[in-house]
Amino acid sequence: MANFVGLRLPLPVLGGVCSSSPTVSRAVIRKWNWRIKGPRRMLLGLGVGVSFFSQFMTMATNSNSFIASARITAGPSVDQILKNVEWPEQFPFKEEDFQRFDETPDSLFYEAPRFVTHIDGPAIAALTKYYSKVFPPSDTPGVSILDMCSSWVSHFPSGYKQERVVGLGMNEEELKRNPVLTEYAVQDLNVNPKLPFDDNSFDIITNVVSVDYLTKPLDVFMEMSRILKPGGLAIMSFSNRCFWTKAISIWTSTGDADHVMIVGSYFHYTGGFEPPQAVDISPNPGRSDPMYIVYSRKLSTA
Ligand SMILES: C[S@@+](CC[C@H](N)C(=O)[O-])C[C@H]1O[C@@H](n2cnc3c(N)ncnc32)[C@H](O)[C@@H]1O
C-alpha cells in the first residue's frame, strides 16, 4: 500500500519522528486555500514548501524512521497560528487525508503493551508543568477527567488525583498499570467513535501525542463536546513523533505548524467549542522534543 506521497516504505522503528517544521506546508495551503488575516500571511509565505520537501527527502532516504531535517527556525510563533484564521466554509479535508499507510485494524497494532514513553523527559516535564497550571487542584470534589488515547502513563502532576479519572485506549494491560486512572475503557475510536460516557460528565479531556491517529476526528470531537460539561476544557498535546504508519496521511505529509492548524480545525468544524488556541510549551527548542498544545473549551451555552 502506498502512502500519501506514493512511496512504499518498510515498517519504521517505534515512535519515529513524524516531522518537524514550524511552517505551514504547501500541501496544506493548497488544500485549505488559507486566508489568514494580518501579517501572518507574509510569514507563512516564507516557509511554504520547507516541511513538505524536507519530509519527502527524508522519507526517500531513510528506511527506518521518519526524520525530517527542518527545525523550527521561521514562521509565525505557534501561539499566533490560530489567531485570526478565516476558516474555509467547509471542512477542507477529504477521506483520503485520513488514510494510513497501515490500514490493518488498530487492535492488532496495539495488541502487545508498550511500556515506553513516546516523547523525551523534558517534553513530558513541560506537559506535566502545563497540566499543573490549568488543572483544578488535586482532589477537588466532583471533578472528572478523561485521558483519551491513554496508556500506562498520563503525565499528570505527581500525586494528582480526582474522584474520577478515566483512561480510554487500545491496550488493557497498559491502562491497568496507569496509576492515575480510577477506571478505564478499551475502545477503538476509529471503529467506534462514540464515547461510552454520559453527556456533560467531564471537566477535562486530555489527549497526549495521539490525535494524529484519529481517522474520524470530527466524530470524536463531537463526542468530546457531548461529554464535556459546559465550559469544560479539551487539551490536545502533540510533539513531532508518531507511529507514522498509523498516523493519518495529512499529518505525516505536513509539519508542526500544519498540525496546529489541523487540530484547530477539528475544534472549529465540530462546533460547540470556543475558538481553539495554541501554545508552544517546548522545553529546549532544538535540543528536546517539541511540545505543542491546542486547546478549547466547550461553549458554556452548548
Ligand atoms: C503514542 S501512544 C500515546 C499514549 C499516551 N497518551 C502517552 O502519552 O504515552 C498512542 C496511544 O493512542 C491510543 N490509540 C491509538 N489508536 C487508537 C484508536 N484507534 N482508538 C483509541 N485509542 C487509540 C493507543 O492506545 C496508545 O495508547
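What follows draws every value from the coordinates through simple rules; no lab data is involved. Only a predicted model underlies this, so the values are computations on that prediction, with no experimental measurement involved. Every residue, glycine as well, gets a Cβ built from its backbone with ideal geometry; the counts of neighbours run over all protein chains shown.
Quick look at the values:
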{"read-out": "Positive-end residue of GLN187, THR140, VAL165, charge dipole of the range 89-205 with Cβ unit charges", "value": "THR140"}
{"read-out": "Two-site label geometry, PHE109 and GLU163: point separation in nm, points 7 Å out along Cα→Cβ", "value": "3.7"}
{"read-out": "Cα-based reach from LYS194 at 24 Å (exclusive), listing lysines while leaving out same-chain residues under 8 positions away", "value": "LYS94, LYS176, LYS216, LYS229, LYS246, LYS298"}
{"read-out": "Within the range 158-173: backbone nitrogen closer than 12 Å to the VAL191 label point (7 Å, Cα to C-beta)", "value": "170-171"}
{"read-out": "Positive-pole candidate from SER151, PRO105, THR128, dipole of the range 72-170, charges at beta carbon", "value": "THR128"}
{"read-out": "Cα-projected label distance for LYS176 with SER300, points at 7 Å along beta-carbon direction, nm", "value": "4.3"}
{"read-out": "Cα pair distances of the range 171-282 binned at 10 Å [whole percent]", "value": "13, 44, 36, 7"}
{"read-out": "Around ILE281: net Lys/Arg minus Asp/Glu count, Cβ-Cβ under 12 Å", "value": "-1"}
{"read-out": "Most to least packed among 209-219, 101-111, 272-282, 254-264 [average Cβ atoms within 10 Å]", "value": "254-264, 209-219, 272-282, 101-111"}
